[in-house]
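The values are calculated or read from the model by the stated rules, or taken from the named source; none is laboratory data. Keep in mind that what you see is a predicted model, and the values were worked out from it rather than measured. Neighbour counts run over all protein chains shown; Cβ positions are idealised from the backbone, glycine included.
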Amino acid sequence: MDWTSAAALATSSKATTSARIASGTAAIGNVRSGIMLEYAANTNTVGGTSAGLRNIISGNGTQAIGIWQSSGNIIQGNFIGTQHNGSGSLGNGGTGIHIYNGSGNSIGGATAAAANVIAFNGARGPSYGGYGVAIAEESGASVGNLIRRNSIFSNGLLGIHLFNWGCFFCAPYNDPGDADSGPNNLQNFPVLAGASSSGGSIAITGTLNSTPNAAFTLDFYASPALDESGFGQGKNVPWLDGPDDRCGGQ
Ligand SMILES: [Ca+2]
Ligand SMILES: [Ca+2]
C-alpha cells in the first residue's frame, strides 16, 4: 500500500509495506516517525530483496523506523533518508532505524539485495538522534539484532550505535574480553590498523578483542572520507561481491 503520513503497524503478524513520498524527491510534511513497530509488533517484514518491494522512508520529522519492544522483524532493501534514486538527500529528522528493547530483528542481511541504504538522517540535530542504526536497552533485552550489508553514510552521528538507555551520547568503547552486557551484548568492534590494495586484492589488518573461543564473521565497508570521530560509517562493501552501486557508485 501507499501512504502519505505516519503509519503504525500495530500487531499485524506479517506486514509488507510500501511507504512512498509523493514525488520521490521532497518530503510531504510528516512530523513524526515514518514507521513504528511497537509493543509486540513481531515478525513483520518492511521491504524485501527485490526492487519492487523497496520502501522509501524519508523526510519524516523524527526517526524513519522505530522498533520498540518488538522482535523478529526484517528490514531489507529500503532507501531510508534518500530520495527515490537512493542517492539524493531526503533525510529523516532523527535516527534511521532505532531499536529499543527488541531482539532478533534483522536490518539488511547476508546478500547485497537485502541491504538498506541508510543516509542523511539526523537533520534535526543530536537531541533527536541522527544515527544510522541505534540499538538501545533499558528494562528489557535487545540482543541478537543483525545488521549486515547496509550502505550507511552521511548520517549526523555514528553509523551504528549500541547504548544503554540513559547513555545516549556515550562514546563507543571496547572492554577486554567483551564480558559486558547490553544491547547486542555491547559487542566489541574490530579495530582496524590499515588497509591497502594491490593487484586487485585488498589487505586489511586489525584486531578484534571479544569473547574467547567464539567464531565471528566480519564484514568490511568503505567510505570515501574518514569520519572525524575515528569510527564513522560504511558506505560500500566493495570486496564482498564487487562494487555496490545501489547508492550511486563509488
Ligand atoms: Ca563490549
Ligand atoms: Ca559484551
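Residue count for the range 37-82 satisfying the condition of being of a type in the set (A, V, I, L, M, F, W, C) and out of contact with any strand residue (DSSP E or B) (no Cβ under 9 Å at 6 or more places or on another chain): 2. So is Phe153 closer than 15 Å to Tyr221 by Cβ and in contact with a Pro (Cβ under 9 Å, 6 or more places away or on another chain) or not? For Phe153, the condition - closer than 15 Å to Tyr221 by Cβ and in contact with a Pro (Cβ under 9 Å, 6 or more places away or on another chain) - is met. Taken as a whole, the condition of being over 10 Å from the mean Cα position of the chain (by Cα) and farther than 20 Å from Gly47 by Cβ does not apply to Ala113.
Of the residues Val191, Val143, only one is within 16 Å of ligand 1 (Cβ to nearest atom), within 20 Å of Gly66 (Cα to Cα) and surrounded by fewer than 20 Cβ atoms within 10 Å (Cβ to Cβ); which?
Val143 is the lone residue from the list that is within 16 Å of ligand 1 (Cβ to nearest atom), within 20 Å of Gly66 (Cα to Cα) and surrounded by fewer than 20 Cβ atoms within 10 Å (Cβ to Cβ).
Test of understanding: among Gly140, Gly166, which residue is assigned to a loop (DSSP other than H, G, I, E, B), at positive phi and at pLDDT below 95?
Numbers: Gly140 fails: at positive phi.
Among Gly140, Gly166, only Gly166 is assigned to a loop (DSSP other than H, G, I, E, B), at positive phi and at pLDDT below 95.
Starting from residues that are of a type outside the set (S, T, N, Q) and within 16 Å of ligand 2 (Cβ to nearest atom), keep the ones in the range 183-212 and report whichever is farthest from Ala225 (Cα to Cα). Please lay out each step first, then the result.
First, the residues of the range 183-212 that are of a type outside the set (S, T, N, Q): 183, 186, 189-195, 199-200, 202-204, 206, 208, 212.
Still in the list and also within 16 Å of ligand 2 (Cβ to nearest atom): 183, 186, 189-191, 208, 212.
Working: Pro183: 28, Leu186: 26, Phe189: 20, Pro190: 19, Val191: 17, Leu208: 23, Pro212: 33 Å.
The qualifying residue farthest from Ala225 (Cα to Cα) is Pro212.
Kindly indicate whether Gly86 is farther than 19 Å from Pro183 by Cβ, in contact (Cβ under 8 Å) with a residue 60 or more places away in the chain and buried (at least 24 other Cβ atoms within 10 Å of the Cβ). In short, no. Taking the stated definitions as given, is Gly59 in a loop (DSSP other than H, G, I, E, B) and within 30 Å of Asp178 (Cα to Cα)? Judged against the criteria, Gly59 is not a match. Inside the range 76-89, residues that are touching a Phe, Trp or Tyr at 6+ places or on another chain (Cβ under 7 Å) and on the phi < 0 side of the Ramachandran plot make up a count of 2.
Are any residues in the range 223-234 outside any loop (DSSP other than H, G, I, E, B) and over 24 Å from Phe169 (Cα atoms), and if so, which ones? Please lay out each step first, then the result.
First, pick out the residues of the range 223-234 that are outside any loop (DSSP other than H, G, I, E, B): 234.
Once the filter is applied, which keeps residues that are outside any loop (DSSP other than H, G, I, E, B) and over 24 Å from Phe169 (Cα atoms), the range 223-234 yields nothing.
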